[in-house]
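I have placed the structure first, in the form of structure tokens, so that the comments after it can refer back to it.
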Amino acid sequence: MSVITSTLTSKNTNETTKHTTCAYCGVGCGIKATINEAQRSIRVSGLDHHPANLGRLCSKGSALDQTVSLNERLLEPKINNQVVSWDEALDKVANGFSDIIKQHGPDAVAFYVSGQLLTEDYYVANKLMKGYIGSGNIDTNSRLCMSSSVVGHKRAFGTDTVPGCYDDFEKAELITLVGSNTAWCHPVLFQRIKKYKEANPNVKVVVIDPRRTQTCDIADLHLPLNLGTDVWLFNGLLNSINQQNKINSDYVQQYCEGLDEAINTAQQSAGDIKALANTLGVNEDDLKQFYNWFCNTEKSVTLYSQGVNQSSSGTDKVNSILNCHLATGRIGKPGMGPFSMTGQPNAMGGREVGGLANTLAAHMDFTQDSIARVKTFWQSPTMATQSGLMAVDMFDAIDEGKIKAVWVMATNPVVSLPNADKVKRALKKCELVVISDCIDQTDTGDLAHVKLPATGWSEKDGTVTNSERRISRQRGLFQPACNAMHDWQIICDVAKRMGFADGFNYQNQAEIFREHAALSGFENSDAAEHRRRDFDISGLANISNDEYENLAPIQWPVNAQYPKGRERFFAQGDFFTPNRKAKLLAITPKLPVNLPSNDYPLRLNTGRIRDQWHTMTRTALAPQLNQHISQPYVEMHANDAKSRNLIDGQLVSVKSKWGNMLAPVSINQNPKQGDIFVPMHWTAQLSRTGRINPVVNPEVDAFSKQPESKHTPVQVNAYNANWFGFVLSRNPIQWPDSEYVVSAQGNQHTRLELAHSEKLESPIKAMMSWLGFDSIAQIEQQELEILSFEDAASGLYRLALMNKQGQLEAVAMVAPNTQLPERTWLASQFAKQNLDERARMALLSGHAPAGEDIGRIVCACYSVGEKTIAAAVKAGCKTPAMVGDKLKAGTNCGSCVPEIKGIIAKG
């Protein structure tokens, strides 16, 4: 077993260096953190020898150093928002759950957990609910991002196995990216692919996505298929594989079954190429080109993500992709295979321990023999015998009063679940709501009766598993802050108080990991010595605490057969179905459940943006990450905007049968006509009306129960605002009573964007009140200088406050339309010790003095603005590399390079 030295002493004796793993997506990047514990500060860089990222970090990972302060943290246990002792809080949880179980049975309680938990946390949570409480009611927010892939894998392979690895991306000759804006959502993997393609120009990249996204920057072909039509596309590919005699007959005959039925169904639904192109909404020649490339390129990988999974037919979409790789035998070999890119740092770890309600533990399901096996291993007093309720159904049961107590761990369902206002209403009437979180104020936490302070990244210590099955250590850089505890400790303390001390008497996280590893190997072979289950890390079941501390990244399985891990599965068959053969499924395509209508004629697609993650509880703390996109937005095709008389930047409402939201419209050619795109990140903590998931329909896939987050019928209308404004303030400010409010944390300031439909009376006085002052006299008492401008005829009002040291304290502006000054230069003035006369004169105009206006931020890593890049282009920088050499823009994570190319193209 390989180990690494995880802690090093820096040349600066006040600093130490540790190797850890990033807090964000499923790529699982290694990080080198240089720690100053006395100042509670870190510096981060990519870990050169970590096989996931090879030294690269994205903008989010690069800004982790800005997220470790104790601001916004939940640091003490609370009951009804009052600080209490740990004993009081833990007793409240344990007694509350025990009383409800006694009165209503074990299925009246539930855990809703998260892919941001570490494997050790996940393991004890699952063990408590399924092995000791005796209910299957533990589900995870991973249900929202990759459960369709889990079920698709199990239907085809017999188990939830990712068959390939990241190295395959750099060995393939055709890379197909399906339903993934990889450039923004998995930027480190995107940069690996981009670098590989640049060195190998013959490699083809196909992007299959309804939107033209930044990922198309490296595409040889973009297929903008209609939302929800993926199964037609891949049925057509299977049909083409058959027509071009590219079936790998030897592989199929030896290792697969179901091919004939799958082909027959594919021919029925996608046999006519002209009709198929019309169904997909793509050019027929482009469609043929993709099919020909796939058929004639043996080394093909297909990477897919939420655009496939988040659908009412997500599982069928997954299996339609797997069918094509099985039929050609392109699986488990270098440069070949399907690959699911997961969205969270430990979504895979949750799958391994059984964190999904329809799985048991260690890749075992609710079968009679597996239930008995796990019961024996855990010495379980009350074993769950059937699947529990899954995310959407779980919160429906809370709404109906069937579940009376819920414990939410490290996630924010009031923001992230579809039909989110119903989730909010359900929690409001739930008898007992408990949260474990590192952040004090969240949309979900605001509804909790009990808040338990958990450690966050930089304090948490355990393991995570990335998208390629690679287990890595996430190490604690600091001791737990104040009264925070690790999630596994909190869960075990509650379990002990519920009377289950024997099963939860762990001394450290290494002990939990050893038990998890031992369970993975328990009774894991049949009479013929075939592995029953793919997941087996029994080779780590006896590691010492020191070996655990220094564990190097390793891909499972890790056992006697594969002591150093295993890169790939299924090149020679050996699937995990009863007959050890893979199953090709006959898939009949179906459209999304809810289709556009006269009342709701547009199709809403949701997703992530480059510099934010999930519900922004961590990324919004980093000023660096709030520069590029600081507000929610509605991306709309130019023709749809024209037909509604909308102009770019105008506020619009997005309304469905389930809810509504408000945001500026961004008009371009990226979405297909009839589609809109809205990011999913904004919460009620950051925006009064910017939450999109109240609008999203609650339909789920019949097999995986994953929600259909990529297709909701909506209407978009102009919002008739009387005025627009913004505030930048060095000190915290209360939100004004306006219908549109968005808050963003900047460098030494907070920014509010505002709009309202009613007239603003006495605008200068109103702006003063926004900053916490009732009168000019009160401002002068604080020894602040007032600068103001008003033009009632044009509706322009501006206010700035300076302190006696000459620093900018606040600036606020109001206008009758969205044509307000660019905020970037104004925001930069807060970092200055004092403003010179030139800057003071420019304040109220909002326009930077000559030579200082950098424009909208494009490169968040180095805070490089659009106008700075444009000036470099005019000075002779004609390639992104030249811009990078001059300005550093695009040289860290590379995610801004497509935008830099756009600026270059404009000249």
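I'd like to verify a number: residues in the range 711-733 that are buried (at least 22 other Cβ atoms within 10 Å of the Cβ) and out of contact with any helix residue (DSSP H, G or I) (no Cβ under 9 Å at 6 or more places or on another chain), how many? Qualifying residue count for the region: 4.
Yes/no matrix, rows are residues, columns are (1) without any contact (Cβ under 8 Å) to a residue 60 or more places away in the chain; (2) more than 26 Å from the chain's Cα centre (by Cα); (3) open to solvent by 10 Å² or more (accessible area, probe 1.4 Å):
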site: 682; (1), (2), (3): no, no, no
site: 704; (1), (2), (3): no, no, no
site: 707; (1), (2), (3): no, no, no
site: 735; (1), (2), (3): yes, yes, yes
site: 741; (1), (2), (3): yes, no, no
site: 752; (1), (2), (3): yes, no, no
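Against the list (1) free of Cβ contacts under 8 Å to residues at least 60 places away in the same chain; (2) open to solvent by less than 10 Å² (accessible area, probe 1.4 Å); (3) farther than 19 Å from residue 411 by Cα, the condition residue 459 fails is (3). Filtering the range 526-545 to residues that are open to solvent by 40 Å² or more (accessible area, probe 1.4 Å) and not in a helix (DSSP H, G or I) leaves 526, 527, 528, 529, 530, 531, 532, 542, 544. The residue that is most open to solvent (accessible area, probe 1.4 Å), among those in the range 467-507 that are of a type in the set (S, T, N, Q) and over 27 Å from residue 69 (Cβ atoms), is 507.
Here the helices (runs of 4 or more DSSP H) wholly within the range 790-905 that include at least 3 residues being of a type outside the set (Ser, Thr, Tyr) and open to solvent by 20 Å² or more (accessible area, probe 1.4 Å) are 837-843, 866-874, 880-887.
Just checking, how many residues over the range 601-651 are of a type in the set (Lys, Arg), in a loop (DSSP other than H, G, I, E, B) and within 22 Å of the chain's Cα centre (by Cα)?
3
So, in the range 360-378, how many residues would count as being open to solvent by less than 10 Å² (accessible area, probe 1.4 Å) and part of a loop (DSSP other than H, G, I, E, B)? So the count comes out to 2. Could we say that residue 653 is in contact (Cβ under 8 Å) with a residue 40 or more places away in the chain and farther than 26 Å from residue 212 by Cβ here? So residue 653 does not fit the description; no. The residue of the range 85-115 that is nearest to residue 499 (Cα to Cα), among those that are part of a loop (DSSP other than H, G, I, E, B) and touching a helix residue (DSSP H, G or I) at 6+ places or on another chain (Cβ under 8 Å), is 114.
Screening residue 325 on (1) without any contact (Cβ under 8 Å) to a residue 40 or more places away in the chain; (2) under 18 Å from residue 223 (Cα atoms); (3) surrounded by 22 or more Cβ atoms within 10 Å (Cβ to Cβ) shows it passes everything except condition (2).
Those residues that are charged (D, E, K, R), within 20 Å of residue 637 (Cβ to Cβ) and touching a Gly at 6+ places or on another chain (Cβ under 8 Å), I need them from the range 661-704; list them, please.
Passing the criteria: only 672.
Considering (1) modelled with pLDDT of 95 or more; (2) hydroxyl-bearing (Ser, Thr, Tyr); (3) closer than 30 Å to residue 619 by Cα, the lone condition that residue 342 does not fulfil carries the number (1). Note on the range 48-67: residues that are assigned to a loop (DSSP other than H, G, I, E, B) and either within 15 Å of residue 345 (Cβ to Cβ) or out of contact with any strand residue (DSSP E or B) (no Cβ under 6 Å at 6 or more places or on another chain) (or both) total 10.
Residues in the range 67-87 include at least one that is small (Gly, Ala, Ser) and under 27 Å from the mean Cα position of the chain (by Cα).
Go through the range 470-490 and give me each residue that's out of contact with any Ser or Thr (no Cβ under 8 Å at 6 or more places or on another chain), over 21 Å from residue 42 (Cβ atoms) and touching a residue at least 40 places away in the same chain (Cβ under 8 Å).
Restricting attention to the range 470-490, the residues satisfying the condition of being out of contact with any Ser or Thr (no Cβ under 8 Å at 6 or more places or on another chain) are 470, 479, 482-483, 488-489.
If we keep only those that are over 21 Å from residue 42 (Cβ atoms) too, we end up with 470, 483, 488-489.
Of everything in the range 470-490, those that are out of contact with any Ser or Thr (no Cβ under 8 Å at 6 or more places or on another chain), over 21 Å from residue 42 (Cβ atoms) and touching a residue at least 40 places away in the same chain (Cβ under 8 Å) turn out to be 470, 483, 488.
Taking the criterion of being out of contact with any strand residue (DSSP E or B) (no Cβ under 7 Å at 6 or more places or on another chain), over 17 Å from residue 105 (Cα atoms) and open to solvent by 10 Å² or more (accessible area, probe 1.4 Å), the residues of the range 381-406 that qualify are 393, 396, 399. A count restricted to the range 581-594 and to residues that are in a loop (DSSP other than H, G, I, E, B), in contact with a helix residue (DSSP H, G or I) (Cβ under 7 Å, 6 or more places away or on another chain), closer than 20 Å to residue 308 by Cα and open to solvent by 50 Å² or more (accessible area, probe 1.4 Å) stands at 2.
Each row is one residue, and each column tells you yes or no for (1) of a type in the set (A, V, I, L, M, F, W, C); (2) open to solvent by 10 Å² or more (accessible area, probe 1.4 Å); (3) outside any loop (DSSP other than H, G, I, E, B).
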{"position": "558", "(1), (2), (3)": "yes, no, no"}
{"position": "561", "(1), (2), (3)": "no, yes, no"}
{"position": "567", "(1), (2), (3)": "no, yes, no"}
{"position": "571", "(1), (2), (3)": "yes, yes, no"}
{"position": "596", "(1), (2), (3)": "no, yes, no"}
{"position": "599", "(1), (2), (3)": "no, yes, no"}
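Only one of the listed residues (71, 95) is modelled with pLDDT under 95 and over 27 Å from residue 516 (Cα atoms). That residue is 71.
The values are calculated or read from the model by the stated rules, or taken from the named source; none is laboratory data. These figures come from a predicted structure and were not determined experimentally. Here Cβ is always computed from backbone atoms with ideal geometry, including for glycine, and neighbour counts include all displayed protein chains. The area values use the complete protein model at the heavy-atom level, side chains included, leaving out ligands, DNA and RNA. Shrake-Rupley method; radii C 1.70, N 1.55, O 1.52, S 1.80 Å.
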